[in-house]
Amino acid sequence: MEYTTRINWINNTAFYFLLIKQEGERLIKLLLCKNCGDIFNLDFIVKSCRCGVTGGKYLDQRLAEYFGDAIPIGIANDSLISAINNQPYDGMGELFKAFVIPVQCHTFIRKEDL
Ligand SMILES: [Zn+2]
């Protein structure tokens, strides 16, 4: 698996599996809860923020749904992997691409409830 060889140096198992799970998709989807400020990634089971106002889950590798007063955020997978691979020892951090996903997005859909 190409991703395995590209990131096999990563010691953080949870993060490693996050990237493997996202293989084939160019984005990691996250939610920012406007109520409590938590920013969290999604899974195939519903995950919620600390206050419970927002939550979401993946339906498949591409599609995800969320509920609540949240800002959907995307991180460009390749950009993050590249930044990890180029992590400096000190000084300035390595930038990667993240962005706010539009309100209307056909792959990250806001629902009243999940
Ligand atoms: Zn919250």
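Coordinate-derived values only; no laboratory data. Treat the numbers as computed from the prediction; the structure is a model and nothing was measured. For neighbour counting, all protein chains shown are included, and Cβ atoms are generated from backbone atoms with ideal geometry for every residue, glycine included.
Cys105 versus Gln87, label points 7 Å from Cα toward the beta carbon: distance in nm?
Label-label distance for Cys105 and Gln87, simple model: 2.5 nm.
Can you give me the long-range amide H partners of Ile101? Hydrogens built in the peptide plane at 1.01 Å from N, cutoff under 5 Å, separation of 5 or more residues or another chain.
Amide H to amide H, under 5 Å and 5 or more residues apart or across chains, Ile101 pairs with Ile73, Gly74.
What's the local net charge at Leu80, with K and R +1, D and E -1, over the other residues with C-beta under 11 Å away?
Local net charge: 0.
Can you give me the C-alpha center-to-center distance between region 29-59 and region 76-114, rounded to a whole angstrom?
Each part's Cα centre sits 15 Å from the other's.
Between Cys36 and Leu59, how many nm apart are label points set 7 Å from Cα along the C-beta direction?
About 2.6 nm, to one decimal.
Under 5 Å between amide H atoms, partner at least 5 residues away or on a different chain: which partners does Ala64 have, H built in plane at 1.01 Å?
Leu59, Phe108, Ile109
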